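Chemist: One structure, pasted below without further comment.
The values are calculated or read from the model by the stated rules, or taken from the named source; none is laboratory data. The structure displayed is predicted, hence computed values, not measured ones. Because the Cβ atoms are built from the backbone with ideal geometry, glycine has one as well, and the counts that use them run over all protein chains shown. What goes into the accessible areas is simple: the full protein's heavy atoms, side chains included, and nothing from ligands, DNA or RNA. Shrake-Rupley method; radii C 1.70, N 1.55, O 1.52, S 1.80 Å.
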Amino acid sequence: MRRLSLCFLSLVTRISAVTTPPSIFRQASKNVLYKAGKTVEITCEAHGSPRPVYTWKRNGIDFSPSGNDDRVVQLQNIGTLVFTKPEAKDEGIFQCFATNNYGVSASVKVNLREAKLKDFPIMPDVHRNPILGSDLTLDCVPPESIPVPEVFWALRRPGGGFDPLNLDARVTKDIEHRLRILNVKMEDRMDGRGYICMVFNRLMRKVTQGPQYFINPGGGES
């Protein structure tokens, strides 16, 4: 009887060693960004015995890489999708499923989006004539950007190019990216140089700029 029990336990151990449900161990982050025309991957790879079969959903609907002009392929024996020439129509919420006879494992939902930074609309230079000692606000409404851009203020150099504007307790940038100057002084004229709001998308390595603001303290503006 004891020998029979040991044989049965050994058999169960051998079976469990070779039959396991899928478990995804490599997957993409929840947000995957790509540059137009640049290859991007959505990773999905799982352990399991028998070897899992991989399927995908896009926006909750079954998705097959075939029929995408060979722009989208699934790597052999794993679930990873490779977009060789991604287009705007490829954006969406993707989820990977690894399946065998013993279960299903689902990846996180991945938001695939194109990185972009639009330009500011073309606007004329803005001239402000604040009263000395008053407060002054210069507006900045960044254009659409994916991912969220860095926003900073700069001064245009006379010969071209820009210098970052030094901020302090009197000259600050608020959470809406507006430049706020408390107690305007003559030095805020900056020798006639223009103040410019700059927007930088690090992934795109692209900068775009808003209109120039010229400040002439001592005028009649309140």
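Chemist: Out of the residues in the range 50-101 meeting the condition of being in a strand (DSSP E or B) and out of contact with any Ser or Thr (no Cβ under 9 Å at 6 or more places or on another chain), tell me which one is least open to solvent (accessible area, probe 1.4 Å). Walk me through it before giving the result.
Modeler: Taking the range 50-101 and keeping what is in a strand (DSSP E or B), we get 53-58, 61-63, 72-74, 81-83, 92-100.
If we keep only those that are out of contact with any Ser or Thr (no Cβ under 9 Å at 6 or more places or on another chain) as well, we get 57-58, 61, 92-93.
Working: Lys57: 69, Arg58: 62, Ile61: 115, Gly92: 10, Ile93: 65 Å².
Step by step, filter the range 50-101, then rank; the result is Gly92.
Chemist: If you take the residues of the range 181-217 that are part of a loop (DSSP other than H, G, I, E, B) and out of contact with any strand residue (DSSP E or B) (no Cβ under 8 Å at 6 or more places or on another chain), which of them is farthest from Asp139 (Cα to Cα)? Show your work before the answer.
Modeler: Quick first cut of the range 181-217, residues part of a loop (DSSP other than H, G, I, E, B) only: 182-185, 193-194, 202-205, 216-217.
The next check asks that each one be out of contact with any strand residue (DSSP E or B) (no Cβ under 8 Å at 6 or more places or on another chain); those that pass are 183, 185, 205.
Numbers: Asn183: 17, Lys185: 19, Arg205: 24 Å.
Filtering the range 181-217 for residues that are part of a loop (DSSP other than H, G, I, E, B) and out of contact with any strand residue (DSSP E or B) (no Cβ under 8 Å at 6 or more places or on another chain), the one farthest from Asp139 (Cα to Cα) comes out as Arg205.
Chemist: Being open to solvent by less than 80 Å² (accessible area, probe 1.4 Å), out of contact with any helix residue (DSSP H, G or I) (no Cβ under 9 Å at 6 or more places or on another chain) and closer than 30 Å to Glu144 by Cβ is the requirement here; does Leu117 meet it?
Modeler: Yes.
Chemist: Given the criterion of a type in the set (Asp, Glu), open to solvent by less than 60 Å² (accessible area, probe 1.4 Å) and in a strand (DSSP E or B), identify the matching residue among Glu45, Glu41. Break it down into steps so the answer makes sense when it comes.
Modeler: Values: Glu41 fails: open to solvent by less than 60 Å² (accessible area, probe 1.4 Å).
Selected residue: Glu45, the only one of Glu45, Glu41 that is of a type in the set (Asp, Glu), open to solvent by less than 60 Å² (accessible area, probe 1.4 Å) and in a strand (DSSP E or B).
Chemist: Can we say Lys109 is of a type in the set (Lys, Arg), in contact with a Phe, Trp or Tyr (Cβ under 8 Å, 6 or more places away or on another chain) and closer than 23 Å to Trp56 by Cα? Please lay out each step first, then the result.
Modeler: Details: of a type in the set (Lys, Arg): yes; in contact with a Phe, Trp or Tyr (Cβ under 8 Å, 6 or more places away or on another chain): yes; closer than 23 Å to Trp56 by Cα: yes.
In short, yes.
Chemist: Then there is this: Give the range 159-180 a look and list any residue that's among the β-branched types (Val, Ile, Thr) and in a loop (DSSP other than H, G, I, E, B), or say none. Don't jump to the end; show me each part of the working.
Modeler: The initial filter retains those residues of the range 159-180 that are among the β-branched types (Val, Ile, Thr), namely 171-172, 175.
Selection gives Ile175 alone.
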